[in-house]
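Sharing a structure with you now.
The values are calculated or read from the model by the stated rules, or taken from the named source; none is laboratory data. Source: prediction; values computed, not measured. Note: areas computed on protein heavy atoms with side chains; ligands, DNA, RNA excluded. Shrake-Rupley method; radii C 1.70, N 1.55, O 1.52, S 1.80 Å.
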Amino acid sequence: MRLFVALNLPPPVREALWSATSPLRELGLPVNWVRGDGIHLTLKFLGEVADDREAEITAALERAAAGARTLPLALGGFGVFPDFGRPRVVWAGIAPEPGLEILQHRVEQEFAPLGFPTEARPFRPHVTLGRAKREARPRDFAGALDLMQSTFQSGGAVYHVRHSERLP
């Protein structure tokens, strides 16, 4: 079975993140979007694990969670991994929180003796919102460099693109 350790966010938070991706989903980008009920914060990916290891994995999870407290999490922007030149994952960032860093470190420490290597990359808390489809190209996500006109009106400024240059 394919396993990972995660913080499951409260349903209202998951629903808000799902709603926030609505304009992006409507653009028709070549992305497989994570359903709202599947939005979570991964602390450690374990990979394929034999069914008979569930008891020892559960015990490690219990040890990692012992003494942990409820964490105040705040969104910290949106982005892509690895970069905009090769977007593979669309994510919403989680603002740095010492308690979250400690919990993730405890998870790493409890799972390392079980043969799950410690992550070499620094922990960058985020929730995955979508994954680029295999056929996606960087150009599918490229924007444009625009000359904009701003016209002030009683309801606020109205913007109009006067000229656009597509970025490669």
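How much accessible area does D52 have with a 1.4 Å probe, in Å² rounded to the nearest 10?
Using a 1.4 Å probe on the heavy atoms, I get roughly 130 Å².
Defining a contact as two alpha carbons under 8 Å apart and six or more residues distant in sequence, what relative contact order in percent does region 68-130 show?
35 percent
Still on this model: With a 1.4 Å probe and all protein chains in place, put M1, M148 in order of accessible area, largest first.
So, going from the largest accessible area down, we get M148, M1.
Would you check the accessible area of T151, probe 1.4 Å, heavy atoms only, in square angstrom rounded to 10?
Estimated to the nearest 10 Å², T151 gives 60 Å².
Shifting gears a bit: Taking Cα pairs under 8 Å and at least six residues apart, what relative contact order does region 101-168 come out at, in percent?
The value is 23 percent.
Would you please give the residues with an amide H less than 5 Å from that of V89, counting only those at least 5 places away or on a separate chain, with H modeled from the backbone geometry?
The list, which skips near neighbours in sequence, is F81, A132.
Per DSSP helix of 4 or more residues, -39500 (n - 2.57); summed, then divided by the residues of the chain. What does that give at 222 nm, rounded to the nearest 500?
My calculation for the chain gives -7000 deg cm²/dmol from helical runs alone.
Could you tell me what percent of the accessible area of region 44-131 is made up of carbon and sulfur, with a 1.4 Å probe and every protein chain present?
59 percent
Ordering T21, T118, T70 by how much accessible area each has at a 1.4 Å probe, largest first, what is the list?
Ranked from most to least accessible, the order is T70, T118, T21.
So, one more: Given Cα positions, please report Rg to Rh for the chain, the hydrodynamic radius being the Kirkwood one.
1.08
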